[in-house]
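Just below is one structure, and these are the notes that go with it.
The values are calculated or read from the model by the stated rules, or taken from the named source; none is laboratory data. Since this is a predicted model, take the numbers as computed values, not measurements. Because the Cβ atoms are built from the backbone with ideal geometry, glycine has one as well, and the counts that use them run over all protein chains shown. SASA here: full protein model, heavy atoms, side chains in, ligands and nucleic acids out. Shrake-Rupley method; radii C 1.70, N 1.55, O 1.52, S 1.80 Å.
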Amino acid sequence: MDQDQSRNYKKYNSKNPLMGIVISNFMKNLKETAATLENINNVIDIGCGEGFVINCLDYPKITGVDISKNALKIAKEKNPECNFCSGSICEISFKENSFDLVIATEVLEHLEKPDLALQEIRRITKNYCILSVPNEPYFRTMNFFRGKNLTRFGNDPEHVQNWSSGKFVSLIETYFDVLEVRRPFPWTMVLCKK
């Protein structure tokens, strides 16, 4: 693999059969959650990375935002019909109520101040959000048993936040009405409404 490929890219393209199963289950849960929503015309995927989530969605207008220009280049190649721009989840350059659905999967655990991101997500959504993070300690345990990040007891070096499913839902409830919680192992996925 190319040295410039991110951990995210490598995860979605892993040859490890266990990773293939958990990623497929995650995407299946994401698609099923999104399919329950009506009147969704304008979607943003914040922290879109290389566009793997966008690639599995079926909406007329999708925007992807990420801080990595390399990731955005790959995302655009995979999803040429979508709009992409560089930016931070804590300072999103869109007006209030710009999107019917805001998606942020596997982003909040990387942030020193996830509350700032949640405030921005609340500001730009008209209605819905789908948010996901690793469900701890299951995520770290899975990593450890597959031999990843052993010296950190399975914790990813880029993860500065660690939430159990219950703690994450409690955090989200301070900003949104939680409509559904899914736990596609080893993540927590929350559908919420403004």
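At-a-glance table
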{"quantity": "Single condition Phe145 does not satisfy, out of (1) at pLDDT 75 or above; (2) more than 16 Å from Phe26 (Cα to Cα); (3) open to solvent by 60 Å² or more (accessible area, probe 1.4 Å)", "calculated": "(1)"}
{"quantity": "Number of the condition not met by Glu158 [criteria: (1) modelled with pLDDT of 95 or more; (2) within 28 Å of Asn16 (Cβ to Cβ); (3) part of a loop (DSSP other than H, G, I, E, B)]", "calculated": "(1)"}
{"quantity": "Near pairs, Cβ below 7 angstrom, 6+ apart or cross-chain, from the range 118-146 (over 23 Å from Asn97 (Cβ atoms) and part of a loop (DSSP other than H, G, I, E, B)) to any residue that is at pLDDT 95 or above and open to solvent by 40 Å² or more (accessible area, probe 1.4 Å)", "calculated": "Glu136/Ser164"}
{"quantity": "Residues being closer than 16 Å to Leu131 by Cβ and either free of Cβ contacts under 8 Å to residues at least 12 places away in the same chain or part of a loop (DSSP other than H, G, I, E, B) (or both) - total across the range 41-72", "calculated": "4"}
{"quantity": "Of all residues making up the range 106-117, the number that are hydrophobic (A, V, I, L, M, F, W, C), surrounded by fewer than 21 Cβ atoms within 10 Å (Cβ to Cβ) and either outside any helix (DSSP H, G or I) or at positive phi (or both)", "calculated": "1"}
{"quantity": "Sole residue being in contact with a helix residue (DSSP H, G or I) (Cβ under 6 Å, 6 or more places away or on another chain), open to solvent by less than 50 Å² (accessible area, probe 1.4 Å) and within 25 Å of Arg182 (Cβ to Cβ), chosen from Val102, Val65, Val53", "calculated": "Val102"}
{"quantity": "Residue among Val107, Val43 that is touching a strand residue (DSSP E or B) at 6+ places or on another chain (Cβ under 6 Å) and among the β-branched types (Val, Ile, Thr)", "calculated": "Val43"}
{"quantity": "Single residue of Phe84, Phe26, Phe94 found to be open to solvent by less than 60 Å² (accessible area, probe 1.4 Å) and assigned to a loop (DSSP other than H, G, I, E, B)", "calculated": "Phe94"}
